[in-house]
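What follows is a set of notes on a single structure, which appears directly below.
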Amino acid sequence: MTVLVAAQQTETPDTLPSRQARLAYRAGQVGSTAGVAPGFVQGNLAILPAEYAGAFHRFCQLNPKPCPIIGMSDVGSPHIPALGADLDIRTDVPRYRVWRDGEVVDEPTDVTSYWRDDLVTFVLGCSFSFEEALLDEGMPIRHIEENVRVPMYRTNIACGEAGPFAGPMVVSMRPFKPADAIRAVQITSRYPAVHGAPVHLGHPHLIGIKDIAKPDYGDPVPVADDEIPVFWACGVTPQSVINAAKVPFAITHSPGLMLVTDLKNRNMAVI
């Protein structure tokens, strides 16, 4: 009898799906990163001059739900080796936002020309990273099904203040049937580094959302009559406070178009 043994596949840094995604974005590909490189952590970006970095770091410490830090660069460096050996903050995100005095002035696919020697990059956990765990449980993710960006909303939930940084929390929304919503709470509670459990379920008006069909960022998705909207703290919150603080210069990602890292989702779970 002949026994056939399958060759063992070894994942190398060059073949990581996360690296392949970054290379595609580096080459100019643009699109939502929801569902991209399954198994790998995605992150929100907030890039600020060093004079603001201390206050922003404190803001993140005071607001760990919307702003869980998973990586931080040295001053002036576009690299964070702990998140990816060849990762380049200036080129590896599908689309960026460049801010001056709290307003978006450009949305390029490469920020090399805007880079400065005094910039500090913060990478914050993203809820896309816990979506894999929800999908593994057979729970539908509406914005992935619809192939659109997750809807995000400014709320009336005030963030803790640090220096010039203050303002409302931003949340992302996914609709679920009530039983699935309960399960979603249980599952995402295990992922505090990527926003953790929801901050609100049900009635959007209670957290200051007037019209769920008109998100402040991302795209609207349908909510069926037998579903409730479930809201998670969102890493777009810094963009809201950058706007409110009128920071002279900053760079962020475009909402829904994230930095794909080489960190593994499974390592972010708290058992």
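FYI, it's all coordinate maths here, none of it is from the lab. Bear in mind that the values here come from a model prediction, so they are computed numbers and not experimental data. FYI the Cβ positions are ideal-geometry reconstructions off the backbone, even for glycines, and counts take in every protein chain you see.
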Worksheet entry | Partnerless Cys - the chain, beta-carbon criterion under 4.7 Å | 126, 159, 234
Worksheet entry | Leading residue at positive end of dipole, the chain (Cβ point charges), from 186, 18, 258 | 186
Item to complete: Could you tell me which of rounded, prolate or oblate describes the chain, using a ≥ b ≥ c as the square roots of the eigenvalues of the alpha-carbon gyration tensor, with rounded for a/c under 1.5 and, failing that, prolate when a/b is larger than b/c and oblate otherwise?
Response: oblate
Fill in: Qualifying trypsin sites (Lys or Arg not before Pro) for the range 154-260 [loop in DSSP, other Cβ within 10 Å: at most 13]
210, 246
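Under the Kirkwood approximation applied to all pairs of distinct alpha-carbon atoms, what is the hydrodynamic radius of the range 126-195 in Å?
It is 13.6 Å.
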Fill in: Euclidean distance of C-alpha centroids, the range 145-167 and the range 43-105, integer Å
16
Response to the item:
Karplus ³J(HN,Hα) for the range 24-34 (6.51 cos²θ - 1.76 cosθ + 1.60, θ = phi - 60°; Hz, whole; x = Gly/Pro) runs 5, 5, 4, 7, x, 5, 10, x, 4, 9, 4
Worksheet entry | Magnitude of the charge dipole, the chain, Cβ model with Lys/Arg +1 and Asp/Glu -1, debye to 20 | 360
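Hey, got the dipole for the range 172-271? About the Cα centre, +1 on K and R Cβ, -1 on D and E Cβ, debye to the nearest 20?
On the way: 9 positive and 8 negative charges, 70 e Å.
Here the range 172-271 has a charge dipole of around 340 debye.
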Worksheet item: On full extension of the chain, what length is gained from residue 166 through residue 82, given 0.36 nm per residue of separation minus the C-alpha to C-alpha distance?
Response: 27.3 nm
Fill in: Cβ-based net charge around residue 53, under 12 Å, with every Lys or Arg adding one and every Asp or Glu removing one
-2
Item to complete: Mind checking which of 148, 34, 171 is farthest towards the positive end of the chain's charge dipole, using Cβ charges of +1 (Lys, Arg) and -1 (Asp, Glu) about the Cα centre?
Response: 171
Worksheet item: Measuring from a point 7 Å past the Cα of residue 55 along Cα-to-C-beta, which residues in the range 120-136 have an amide N at less than 17 Å?
Response: 120-122
Discussion item. Tell me which GluC sites (Glu not before Pro) from the range 94-201 have a DSSP coil assignment and no more than 16 other beta carbons within 10 Å of their own.
Written reply: 137, 161
Item to complete: Evaluate E = 1/(1 + (r/R0)^6) for residue 219 and residue 74, where r is the Cβ-Cβ distance and R0 equals 51 Å; express this FRET efficiency to the nearest 0.05.
Response: 0.90
Worksheet item: Using helices alone, what [θ] at 222 nm do you get for the chain, with -39,500 (n - 2.57) per DSSP H run of 4 or more residues, divided over all residues and rounded to the nearest 500?
Response: -6000 deg cm²/dmol
Response to the item:
Simple spin-label estimate for residue 183/residue 114, 7 Å along Cα→Cβ, in nm, reads 4.1
Fill in: Stretchable slack from residue 24 to residue 266, in nm (0.36 nm times residue separation minus alpha-carbon distance)
84.7 nm
